[in-house]
Amino acid sequence: MDVRFLPAGDTAIVVEFGDGIDRDLSDRVLRLGARIRDAGLPGVVEAVPTFRSLMVHYDPLAASSTALIEAFQALLGDERGESRKATLWRIPACYEESHAPDLREVCERTGMGPDDVVGLHSGTTFHVYMIGFVPGYPYMGDLPPSLVLPRRHDPRIRVPAGSIAIASTMTAIYPLESPGGWHLIGTTPIQLFDARWPRPALLSPGDSVRFQPVSAREFEAIRRESEAGTYRVPGEEVRA
């Protein structure tokens, strides 16, 4: 599919790369977002990546949509072989029954045992496609095919902060208490979002995540450290 440039009102342009969800498409979105930020184009306010597109917000008093689209086309250029910087985060996760209210149901629906489900989920390196729904909420893929399930038939009014969930081909972490219809298979004791941080959301589109299983006792110890501001989530810079 050719790249399309679509107006979104008079202060934003959507750069659309395709109509699916896959990592190659995501890489194209993220590369253009990085190029736009590095270019310092006059009038550009923010570039927000989604699964398949990039929404670029701009000041219409400082730049025209026509000029910006021409600049974006020039920035697309030759994308072959280009890598980008990202962070691989190792997020502690408690999969014990007290922290995983839907794990038993997931096992019944997939025909697997708890250890198998936990092993598959924690053994996968997930790609952060986008942040949305509520502040800091990461949409991460891709689940192993045997864990792919539709959303719950009965969404919850309240999902606790830190809940680790799966639905469709995605996994996610609820950074704040909110409604939700995904299957809850674990909980992390860390914070993912705090408006007081220099960068309020821990995770960014393009990052990678590995879940590290911890016991309920380890969960409580990390939670106390996190609340005290002394816990640092293990992370390392990688080339993506």
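The values are calculated or read from the model by the stated rules, or taken from the named source; none is laboratory data. This structure is a prediction, so every number in the text was calculated from the model and none was measured. Virtual Cβ from ideal backbone geometry, glycine too; neighbours counted across all protein chains shown. With ligands, DNA and RNA removed, areas are computed over all heavy atoms of the protein, side chains included. Shrake-Rupley method; radii C 1.70, N 1.55, O 1.52, S 1.80 Å.
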* Asked: Which distance in nm do the two modelled labels at Arg217 and Lys85 give, with both placed 7 Å along the Cα-to-Cβ direction?
  -> 4.0
* Asked: For segment 132-240, which trypsin sites (Lys or Arg not before Pro) are both in a DSSP coil and crowded by at most 12 other Cβ atoms within 10 Å?
  -> Arg196, Arg232
* Asked: What nm distance separates the two modelled labels at Phe133 and Glu46, each placed 7 Å from Cα along Cα→Cβ?
  -> 1.9
* Asked: Which angle from 0 to 90°, rounded to the nearest 10, does the C-alpha axis of helix 65-76 make with the longest principal axis of the chain?
  -> 70
* Structure fact -> segment 1-152: relative contact order from alpha carbon pairs under 8 Å, six or more residues apart, as a whole percent, is 16
* Compute the length gained on full extension between Glu225 and Thr169: take 0.36 nm times their separation in residues and subtract their Cα-Cα distance, giving the result in nm to one decimal. => 17.0 nm
* What is the gain in length, in nm to one decimal, between Asp154 and Leu176 on full extension, counting 0.36 nm per residue of separation less the C-alpha to C-alpha distance? -> 6.0 nm
* To do: Please give the per residue volume of the convex hull enclosing the alpha carbon atoms of segment 20-148, rounded to a whole number of Å³.
  => 141
* Asked: For a label point 7 angstrom out from the Cα of Ser122 toward its Cβ, which stretches of segment 193-223 have the backbone nitrogen within less than 19 Å?
  -> 209-223
* To do: Round to a whole angstrom and tell me the spacing of the C-alpha centers of segment 137-175 and segment 14-55.
  => 24
* Asked: Under a 1.4 Å probe, what is the accessible area of the chain per residue, stated in Å²?
  -> 50
* **Cα convex hull of segment 27-70 - mean projected area over all directions, nm²** => 2.9
* To do: For segment 79-216, count all C-alpha to C-alpha pairs, find those more than 24 Å apart, and express that count as a whole percent of the total.
  => 25
* Degrees, to the nearest 10: 216-228 long Cα axis against longest axis of the chain -> 40
* Structure fact -> Inter-part gap, Cα centre of segment 209-240 to Cα centre of segment 86-133, in whole angstrom, is 15
* Normalised alpha carbon radius of gyration of segment 140-237 [divisor 2.2 N^0.38 Å] -> 1.12
* Output the relative contact order of segment 88-240, whole-number percent, from Cα pairs under 8 angstrom with separation of 6+ residues. => 34
* **For the chain, Kirkwood radius (reciprocal of mean inverse C-alpha pair distance, Å)** => 19.2
* **trypsin sites (Lys or Arg not before Pro) within segment 56-140, DSSP loop, no more than 12 other Cβ atoms inside 10 Å** => Arg80
* **Fraction of accessible area attributable to carbon and sulfur, the chain (%, probe 1.4 Å)** => 52
